[in-house]
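Asker: Encoded as structure tokens, here's the structure I'll be asking about.
The values are calculated or read from the model by the stated rules, or taken from the named source; none is laboratory data. Worth saying up front: this structure is predicted, and the values here are computed from it rather than measured. Ideal geometry is used to build each Cβ from the backbone, glycine not excepted, and the neighbour counts take in all protein chains shown. Keep in mind that these areas ignore ligands, DNA and RNA; they rest on the heavy atoms of the full protein, side chains included. Shrake-Rupley method; radii C 1.70, N 1.55, O 1.52, S 1.80 Å.
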Amino acid sequence: LKPHSWYRLDEFAGPRALDSSPNRHDGIFESHVTYYLPGPRSEQFCQEGEANRAAMFAGGRLRAHRMNTRGAWSVSLWVWNGMPANAREVTGWILSRGYDHGQAADSIQLGLDRQGRLALQFGSPGDPLDLLPGHSRLTRWQWHHVALSCDGKTVRAYLDGREEVRADLPEDSVRSLPLFLGGRGDNNSNWEGRLDEVAIFERALTALEVTRLAGMN
């Protein structure tokens, strides 16, 4: 599917997350990340009996290589949540497109709400907490496929190949902002769990492509 970057997250150590696409768009791990833990679906991602590996995020983030696109973009990844769903207002942010050390008014965040459902948030944390949740809960300590697809006007969040959340983008959400995995720009309620096989695209994924990436087709 020709991603902008593909982070397999099978490193023995940081700080570099190697891009397995031909583009060499390596990312950078922050501190508070543990490496080389068991990942999802070894039969799908590995050969000759090799075990798939993943990174465990415990407050740190992965800074992805900067995308050039202002409108259409997508992220596909596997997630494993270790945090009890009702432990805090937001169980954890899976990804965030916004500035470091703060949140832009046109930022986009995807995480889990306190019921363990996928939820979108737009804007800065100074705004009222206005999450747009899906209807399905992610099972704790179990791998799930998650995707976010944005065509420049509408953003869609998918869980295990099914669309869970759809929302129109604010009119000013057009800037090319940095992308973080495993946390929000302001480091609030960062992800506590594993992430793996992060594929980033400078275009909107179709529903069929998301289904393929989830291994459902």
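Asker: For MET216, tell me the accessible area in Å² from a 1.4 Å probe, rounded to the nearest 10.
Answerer: Here the accessible area works out near 110 Å².
Asker: Here's another thing I want to ask about it. Quick one: with all protein chains in place, what share of the accessible area of the chain is carbon or sulfur, to the nearest percent (1.4 Å probe)?
Answerer: 48
Asker: Another question about this same structure. With a 1.4 Å probe and all protein chains kept in place, how do HIS144, HIS65, HIS135 rank by accessible area, largest first? Spell out each step's value before the answer.
Answerer: Values: HIS144 10, HIS65 70, HIS135 135 Å².
The ordering from most to least exposed comes out as HIS135, HIS65, HIS144.
Asker: Can I ask one more? Please compute P(r) over all alpha-carbon pairs of the chain, binned at 5 Å starting from zero, and give each bin as a whole-number percent.
Answerer: P(r) for the chain, in whole percents per bin: 1, 8, 16, 22, 23, 18, 9, 2, 1, 0, 0.
Asker: Grab the other residues whose beta carbon is less than 9 angstrom from that of LEU181, score K and R as +1, D and E as -1, and report the net. Can you show the working numbers first?
Answerer: Numbers: positive: ARG61, ARG63; negative: none.
Around LEU181, the surrounding residues sum to +2.
Asker: How big is the Kirkwood radius of the range 20-111, worked out from every pair of different alpha carbons and given in Å to one decimal? Spell out each step's value before the answer.
Answerer: On the way: mean 1/r = 0.0637 Å⁻¹.
Kirkwood hydrodynamic radius for the range 20-111: 15.7 Å.
Asker: Using a Gaussian network for the chain with springs between C-alpha atoms less than 10 Å apart, which of these wobbles most: ALA204, ALA119, ALA13?
Answerer: Evaluated over the chain, the most mobile residue of the options is ALA13.
Asker: Which far-off residues, 5 or more places away or on another chain, put their amide H under 5 Å from the one on ALA204, with H placed in the peptide plane?
Answerer: TRP73
Asker: I'd like the chymotrypsin sites (Phe, Trp or Tyr not before Pro) in the range 8-89 restricted to DSSP loop residues with at most 16 other Cβ atoms within 10 Å, sorted by number.
Answerer: Sparse-neighbourhood loop chymotrypsin sites (Phe, Trp or Tyr not before Pro): PHE12.
Asker: Something else about it: For the range 150-201, calculate the relative contact order in percent as a whole number, restricting contacts to Cα pairs under 8 Å that are 6 or more residues apart.
Answerer: Here the relative contact order equals 20 percent.
Asker: With springs only between Cα atoms under 10 Å, which of ILE108, ILE200, ILE28 fluctuates most in a Gaussian network model of the chain?
Answerer: ILE28
Asker: Calculate, in nm to one decimal, what THR69 and GLU89 gain on full extension: separation in residues at 0.36 nm each, minus their alpha carbon distance.
Answerer: Length gained between THR69 and GLU89: 4.0 nm.
Asker: Next question. Provide the gained length on full extension for the span SER31 to ASP168, in nm with one decimal, where the gain is 0.36 nm per separating residue minus the Cα-Cα distance.
Answerer: 45.9 nm
Asker: Leaving out ligands and nucleic acids, and using a 1.4 Å probe, what accessible area per residue does the range 1-66 come to in Å²?
Answerer: On a per-residue basis, the range 1-66 sits at 57 Å².
Asker: Scanning the chain for GluC sites (Glu not before Pro) in DSSP loops with at most 14 other Cβ atoms within 10 Å, what's the longest stretch left with none? Don't skip to the answer; put the middle values down first.
Answerer: On the way: sites that count: GLU48, GLU50, GLU89, GLU171.
Here the longest segment lacking exposed loop sites spans 90-170.
Asker: Moving to a separate point now. Just read off the accessible area of CYS46 with the full protein assembly in place, 1.4 Å probe, to the nearest 10 Å².
Answerer: That residue has around 20 Å² of solvent-accessible surface.
Asker: Over the chain, what is the mean sequence separation of C-alpha contacts under 8 Å (at least six apart), divided by residue count, expressed as relative contact order in percent?
Answerer: Relative CO of the chain lands at 28 percent.
Asker: 7 Å from Cα along Cα→Cβ at both LEU208 and THR139: what's the point-to-point distance in nm?
Answerer: 3.0
Asker: Between GLN47, GLN121, GLN109, where does the largest GNM mean-square fluctuation fall for the chain, given springs only between Cα atoms within less than 10 Å?
Answerer: Most flexible of the set in this elastic network: GLN47.
Asker: A further question on this structure: To the nearest 500 deg cm²/dmol, what mean residue ellipticity at 222 nm is calculated for the chain from DSSP H runs of n ≥ 4 alone, each contributing -39,500 (n - 2.57), summed and divided by the residues?
Answerer: -1000 deg cm²/dmol
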